[in-house]
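Asker: Got a structure for you, written out below as structure tokens; questions coming shortly.
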Amino acid sequence: MRLDRFLSHSSGLSRNQVKVLLHSGEVVIDGVPARNSGLQVNANNHITLAGAVLVWPRHYYVMLHKPLGYVCSTEESAHPLVASLIEHTWAASLHSAGRLDADTSGLVLLTSDGSWSHALTSPRRTCNKTYLVGVKHPLQPQLVQSFAKGVVLKDDPKQTRPAQLEIIDPLTARVTLHEGRYHQVRRMFAACGNRVESLHRESIGNLRLDAALQPGQWRELTSAEIANV
């Protein structure tokens with residue numbers, strides 16, 4: 001983690017306050033004053049601020065019911081950021097483990113643990129994701145078989161992995177993917193001559209969106225959930 005980010009999270013100070021302390025030599029790493037805000041530090045470093053030992057911050061793991069209109073970016077955007085829904089000082093340390101665009105609602109996992117999110121989103125790992133999909137045109141029965149075989153997208157010659165499609169009613173389906181290409185659900189339906197009108201992620205791996213969470217609400221994951229993704 002960058003030194004300035006660590007100092008901000010562990011002390012509760014703003015980035016500007018941290019810069020002043022670094023400039024004044026109040027920050028000491030392993031006995032040596034540190035002034036480089038971009039220095040990479042880890043839990044093995046002994047870091048003090050004005051003589052007080054700073055404790056390495058614990059990791060956070062959050063399940064969020066993302067509402068429409070929010071984005072999973074960590075940078076400024078025309079849309080509000082999902083992290084703004086989490087009113088805690090540690091919210092700034094979170095990033096999304098698998099993003100949803102502004103027009104998609106549902107389950108988003110956020111964490112400060114880069115290793116955990118990498119393991120969850122790595123292309124080498126098959127992590128099922130299930131979506132509830134509303135479409136413009138009535139769903140045809142043969143679409144189930146088309147998804148099961150894999151779909152050739154209009155702008156990508158590589159066929160998708162087989163996916164499961166369950167028709168719930170003429171305009172609603174549940175889709176389970178085993179990979180995570182860009183806007184994949186929308187592109188698969190478009191390649192089959194239909195259009196996605198609404199998209200809601202229900203689950204990632206073994207984690208389902210908590211039914212008690214309303215749009216915009218969140219909770220921390222349990223230790224069992226963190227280990228069971």
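No lab work stands behind these numbers, since they all come straight from the coordinates. Computed from a predicted structure; not experimentally measured. Virtual Cβ from ideal backbone geometry, glycine too; neighbours counted across all protein chains shown.
Asker: Tell me which of 172, 82, 150 sits at the most positive position along the dipole axis of the chain, charges placed on C-beta atoms (Lys, Arg +1; Asp, Glu -1).
Answerer: About the Cα centre, the residue reaching furthest to the positive side is 150.
Asker: Below 8 Å, C-alpha to C-alpha, sequence gap of six or more: please give me the relative contact order for the stretch 47-96 in percent. Write out the running numbers ahead of the final one.
Answerer: On the way: 32 pairs, mean separation 12.1, N = 50.
Here the relative contact order equals 24 percent.
Asker: Just want the ordering: 188, 1, from fewest to most Cβ atoms lying within 10 Å of their own Cβ. Show your work: numbers first, answer last.
Answerer: Working: 188 26, 1 18.
So the residues, fewest neighbours to most, are 1, 188.
Asker: If you don't mind, another one. What label, among (1) 14.6; (2) 16.0; (3) 12.1, belongs to mean projected area of the Cα convex hull in nm² computed from the structure on display?
Answerer: Computed from these coordinates, mean projected area of the Cα convex hull in nm² corresponds to label (1).
Asker: Hey, another quick one. Might you report the magnitude of the Cβ-based charge dipole of the chain about its Cα centre, with Lys and Arg at +1 and Asp and Glu at -1, to the nearest 20 debye?
Answerer: Working: 24 positive and 19 negative charges, 124 e Å.
That gives the chain a dipole magnitude of about 600 debye.
Asker: So what is the 222 nm mean residue ellipticity for the chain from helices alone, if each DSSP H run of at least 4 adds -39500 (n - 2.57) and you divide by all residues, rounding to the nearest 500 deg cm²/dmol? Walk me through the numbers before you get to the answer.
Answerer: On the way: 6 runs with 48 residues, N = 229.
Taken over the chain, the calculation gives -5500 deg cm²/dmol.
Asker: Can you give me the distance in nm between label points at residue 79 and residue 56, each placed 7 Å from the Cα along the Cα-to-Cβ direction?
Answerer: 3.5
Asker: Take the alpha carbon atoms of the stretch 99-143, find their center, do the same for the stretch 29-83, and report the distance between the two centers in whole angstrom.
Answerer: About 25 Å separates the Cα centre of the stretch 99-143 from the one of the stretch 29-83.
Asker: Still on this model: What are the ³J(HN,Hα) couplings of the stretch 216-226, residue after residue, when phi is run through the Karplus curve with 6.51, -1.76, 1.60 and θ = phi - 60°? Round to Hz, x for glycine and proline.
Answerer: Each residue of the stretch 216-226 in turn: x, 8, 8, 8, 6, 6, 6, 4, 5, 5, 4 Hz.
Asker: Fewest to most neighbouring Cβ within 10 Å: what's the order for 169, 4?
Answerer: 169, 4
Asker: Residue-wise, which Karplus ³J(HN,Hα) couplings in Hz belong to the stretch 38-46, taking 6.51 cos²θ - 1.76 cosθ + 1.60, θ = phi - 60°, and x for glycine or proline?
Answerer: x, 4, 7, 10, 9, 5, 7, 7, 9
Asker: All other residues with a Cβ under 15 Å from the Cβ of residue 2 taken together, and with Lys, Arg as +1 and Asp, Glu as -1, what is their net charge? Please report the intermediate quantities before stating the final value.
Answerer: Values: positive: 5, 15, 19, 35; negative: 4.
Its environment carries a net charge of +3.
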